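J.: Dumping the structure here so I can ask a few things about it.
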Amino acid sequence: MSDPSPPPRTGAKKRALGSAPKYAPKTAGASAKGLARREEILNGLMERLSGQELRNPSLREIGRALGIEPAHILYYFSSREELLQQVIMRWDEGARCAAPAAANPLDNFVQQVRRNIAMPGILHLYFTFAAEAVDPAHPAHSFFQQRFVTVSASLANHIRAQQAAGVLSAAMDPDSKARQLIALSDGLQLQSLVDPTVDAYSEMMDAIAAMRQAR
């Protein structure tokens, strides 16, 4: 896949790009053609990550896989970190869209584990990038922080509703149990990357079943 050379940048344009918000769309990508090119890069990278052709790749490795010069990627994305964060956000959005609206949130949570382990390259990227983002100075720190808060709150609210309906034990601490489920899910998925014989999906199903039986 070839990529047309971007037009020369003037000193003024360089300063303008440098002063833009970290994850704001760059001027080069604001046009319809630019947005389409961004989508092409994002979709191509997601495809190669899903197929395990890449794992936590450098900008040079991304460019080589997509047949694009690294400088051309930076014409459409402000940094490697922005590009990788956009991949994770797209993957996260895809998970929300794939979940049936009427389905039980706990069941959706477990189904997401099944979906994730079918895309080991993206799962590997998620864990690697999340570990890097532990640093408050990392540009994706706030994204991961908010993601954990949102997922935890959603699970905790559902647990409370199930307790009120008499489906789950009233002795269970919803907030603590939500954090435990996230930790168990992440831990099992990480183990499955190291050892493919680990069935993260089945073990999460067992954990949810045990919650429902403990009444």
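Read-outs throughout are calculated quantities, based only on the coordinates presented, and are distinct from any laboratory measurement. Everything quoted here is computed from the prediction, not taken from an experiment. Methodologically, a virtual Cβ is constructed for each residue, glycine included, from the backbone with ideal geometry; neighbour enumeration extends over all protein chains shown.
J.: Along the range 161-167, what does the Karplus equation 6.51 cos²θ - 1.76 cosθ + 1.60 (θ = phi - 60°) give for ³J(HN,Hα), rounded to whole Hz, x for Gly and Pro?
T.: 5, 6, 5, 5, 8, x, 7
J.: Another question, if that's okay. In debye, nearest 20: dipole of the range 94-215 around its Cα centre with unit charges on the Cβ of K, R (+) and D, E (-)?
T.: Computed about the Cα centre, the dipole is about 440 debye.
J.: Using only the alpha carbon atoms of the range 128-211, find the Kirkwood hydrodynamic radius as the inverse mean reciprocal pair distance, in angstroms to one decimal.
T.: Over the range 128-211, the inverse of the mean reciprocal pair distance is 14.3 Å.
J.: Then there's this: Suppose each label sits 7 Å from its Cα in the direction of the beta carbon; what would the VAL198-GLN180 distance come out to in nanometres?
T.: Reported label-point gap for VAL198 and GLN180 is 1.9 nm.
J.: Here's something else I'd like to know. Run through every distinct alpha carbon pair of the range 68-161 and return the Kirkwood hydrodynamic radius in angstroms, one decimal place.
T.: Kirkwood hydrodynamic radius for the range 68-161: 14.9 Å.
J.: Project the alpha carbons of the range 57-215 onto their principal axes and report the range along each, largest first, in whole Å.
T.: Taking the Cα atoms of the range 57-215, the three principal extents are 58, 33, 29 Å.
J.: Further question: I'd like the Karplus ³J(HN,Hα) series for the range 148-155: coefficients 6.51, -1.76, 1.60, θ = phi - 60°, whole numbers in Hz, and an x wherever there's a Gly or Pro.
T.: Rounded to whole hertz, the list is 4, 4, 5, 5, 4, 5, 4, 5.
J.: Still on this structure: Have a look at the range 114-164 and give its Rg and Dmax from the Cα atoms, expressed in angstrom.
T.: Radius of gyration, then largest Cα-Cα span, for the range 114-164: 14.1, 41 Å.
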